[in-house]
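What follows is a short report on a single structure.
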Amino acid sequence: MDREKYGLPAIEGGTPVRETNIEYAHQDVNDADVAAVAEVLKSDFLTTGPRVAEMEKRLCELTGAKYAVACSSDTAALHIACKAAGMKDGDEGITTPITFAASANCMLYCGGRPVFADIDRNTWNISAPDIEKKVTEKTRVVIPVDYTGATADLDEVRRICDEHSLVMIEDAAHSIGTFYKGHHIGKIADMTTFSFHPAKTITGGEGGCVVTDSEEYYEKLMLFRTHAITRKQSLMRHESPGPWYYEQLDLSMNYRLTDIQAGLIVSQLNRLEEFSARRKAIVARYNREFEDVPQLIIQKEHEGVDATRHLYVLRLDPLRLSCDRRRFFEAMWAEKVICNVHYIPTYYFPYYEDLGYEKGICPEAEALYDNMLTIPLYPAMTDGDVSDVILAVKKLCAYYGI
Ligand SMILES: *Cc1c(COP(=O)(O)O)cnc(C)c1O
């Protein structure tokens, strides 16, 4: 062990690797982004105007999808996607527990019940064979999440959905900039949703979007984005008595995105390649440095995936460490490297407990949760910041390694 080489961890009384904290994620907003927002503020439209239309066009170009529907968040996007898929009382939907709660909550909003499939041991993404085991008569949707920016075996998920007539909704909150078998994410699922929260690769402050090739889903998504209100005669029940007329056809929300946010998202999309290249370079360096550290297990990518990662997650090997994840986590913070944990299995939450979910449903996911740690990853990190993170991880592995 290289205990001497790295010195005592700060939590054990040593000197921290850094003098100031480094966060696990941070947005990157430059002068061009600020100018784009200022321009919208001085324009005639603050919501659902030309910037929203431009953002939707840009997402169609990026993904190759025919239609895009911008909305106020990915949570909103997932909700209207489930509604468009026809999710209703008594239906089931299959997703992973290693995700943000929104991936499952969207089914509950529609009266459906989330069913959790376990993760693949190597990619930490939803396991296609376990999806197939959990399909029942009641299953309507399958929601794979591109965890950290990498994906599941999407072709196989697609095959399962086709075989059982299920709607595939891909939660691509993490994976803008990711390619699967040569194509940008967004063409495999029936609907693919994105998030523009500040921790994600591209931000609008808040924001989301659904892309689809289906005209039928597109019309429904447009309706559900705005109270299920329409002015289109082809959709209305009654003959329009005049130009003021519109109809509400169903019950939905106001999930519109402002032009202010869309302006920021369009400007950020101009920087996607730059962000993607930097994220990939940092991930490649982390992988190189951590690959051979016996205390660490790194995430494997499924064949054909060229990921732009939103998160970098390390898995600790508890058999090779004298400390638990909590101690390691706190020791990282003491080194002034701010870590996080993505994610607590969704069904651990009290709300889900009250719905009758119990621990033990997905053993692989639970074992990952017990030993995982998200370390800093964002484009504005300097090479020195990246070195500090690597140094802190290696220092703790050397000290606590057995
Ligand atoms: C961030 C995130 C969401 C929610 O996105 P919002 O835009 O904050 O609503 C949903 N799913 C996953 C996997 C996420 O990481």
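Checked against the criteria, ILE119 counts as closer than 24 Å to HIS197 by Cβ and β-branched (Val, Ile, Thr).
Scanning the stretch 179-191 for residues that are touching a helix residue (DSSP H, G or I) at 6+ places or on another chain (Cβ under 9 Å) and either outside any loop (DSSP other than H, G, I, E, B) or not assigned by TED's automatic domain parsing to the domain that holds GLU132 (or both) returns TYR180, HIS183, HIS184, MET191. Within the stretch 192-223, the set of residues being within 22 Å of ASP28 (Cβ to Cβ) and part of a strand (DSSP E or B) comprises PHE194, SER195, GLY208, CYS209. Anything in the stretch 92-122 that is in a loop (DSSP other than H, G, I, E, B), within 15 Å of the ligand (Cβ to nearest atom) and not aliphatic (A, V, I, L, M)? List them, or say none. Hits for the stretch 92-122 are THR96, PRO97, THR99, PHE100. Looking across ALA152, ALA128, one residue alone is buried (at least 24 other Cβ atoms within 10 Å of the Cβ), among the small types (Gly, Ala, Ser) and farther than 20 Å from THR75 by Cα. It is ALA152. The residues on offer are TYR180, TYR218, and the sole one that is more than 16 Å from the ligand (Cβ to nearest atom) and buried (at least 24 other Cβ atoms within 10 Å of the Cβ) is TYR180.
Here's the yes/no breakdown for (1) surrounded by fewer than 24 Cβ atoms within 10 Å (Cβ to Cβ); (2) within 16 Å of the ligand (Cβ to nearest atom):
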{"residue": "THR47", "(1), (2)": "yes, no"}
{"residue": "ALA53", "(1), (2)": "yes, no"}
{"residue": "LYS57", "(1), (2)": "yes, no"}
{"residue": "GLU61", "(1), (2)": "yes, no"}
{"residue": "GLY64", "(1), (2)": "yes, no"}
{"residue": "VAL69", "(1), (2)": "no, yes"}
{"residue": "SER72", "(1), (2)": "yes, yes"}
{"residue": "THR75", "(1), (2)": "yes, yes"}
{"residue": "CYS82", "(1), (2)": "no, yes"}
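Looking across THR123, THR48, one residue alone is touching a Phe, Trp or Tyr at 6+ places or on another chain (Cβ under 9 Å), of a type outside the set (A, V, I, L, M) and over 21 Å from ASP213 (Cα atoms). It is THR123. Being surrounded by fewer than 13 Cβ atoms within 10 Å (Cβ to Cβ) and among the aliphatic types (A, V, I, L, M) holds for only one residue in VAL29, VAL34, and it is VAL34.
Taken together, the criteria exclude ILE169 from residues that are touching an Asp or Glu at 6+ places or on another chain (Cβ under 8 Å), away from the ligand (no atom under 16 Å from the Cβ) and in the same structural domain as ILE80 (by TED's automatic domain parsing). I want to confirm something. Restricting to the stretch 280-312 and keeping residues that are acidic (Asp, Glu) and within 21 Å of ILE176 (Cα to Cα), which single residue is surrounded by the most Cβ atoms within 10 Å (Cβ to Cβ)? Looking at the filtered set, the residue picked out is GLU301.
Scanning the stretch 297-315 for residues that are farther than 16 Å from PRO376 by Cα and of a type outside the set (Gly, Ala, Ser) yields a count of 7.
Within the option set VAL52, VAL29, VAL40, VAL34, being at pLDDT 95 or above, of a type outside the set (D, E, K, R) and part of a loop (DSSP other than H, G, I, E, B) holds for one residue only, VAL29.
Give the stretch 236-264 a look and list any residue that's surrounded by fewer than 16 Cβ atoms within 10 Å (Cβ to Cβ) and part of a strand (DSSP E or B), or say none. Residues satisfying the conditions are GLU247, GLN248, ASN254. Evaluate the following for SER103: is it touching an Asp or Glu at 6+ places or on another chain (Cβ under 8 Å), crowded, with 24+ Cβ neighbours inside 10 Å and not β-branched (Val, Ile, Thr)? Spelling it out, SER103 is indeed touching an Asp or Glu at 6+ places or on another chain (Cβ under 8 Å), crowded, with 24+ Cβ neighbours inside 10 Å and not β-branched (Val, Ile, Thr). Checked against (1) outside the structural domain of ASP388 (by TED's automatic domain parsing); (2) part of a loop (DSSP other than H, G, I, E, B), GLU301 passes all but a single condition, namely (1).
Assigned to a helix (DSSP H, G or I) and closer than 30 Å to GLY111 by Cα - does that describe any residue in the stretch 225-235? Yes: the stretch 225-235 contains one or more residues that are assigned to a helix (DSSP H, G or I) and closer than 30 Å to GLY111 by Cα. Tell me yes or no: at least one residue of the stretch 382-401 is assigned to a helix (DSSP H, G or I) and more than 25 Å from ARG288 (Cβ to Cβ). Within the stretch 382-401, not a single residue is assigned to a helix (DSSP H, G or I) and more than 25 Å from ARG288 (Cβ to Cβ).
Pick from the stretch 123-178 the residues that are in a helix (DSSP H, G or I) and of a type in the set (A, V, I, L, M): which of them is nearest to GLU273 (Cα to Cα)?
Taking the candidates together, the pick is LEU154.
The values are calculated or read from the model by the stated rules, or taken from the named source; none is laboratory data. If you're wondering where the values come from, they're calculated on a predicted model, not measured in any experiment. Note that we place each Cβ from the backbone using ideal geometry, even for glycine, and neighbour counts take in every protein chain shown.
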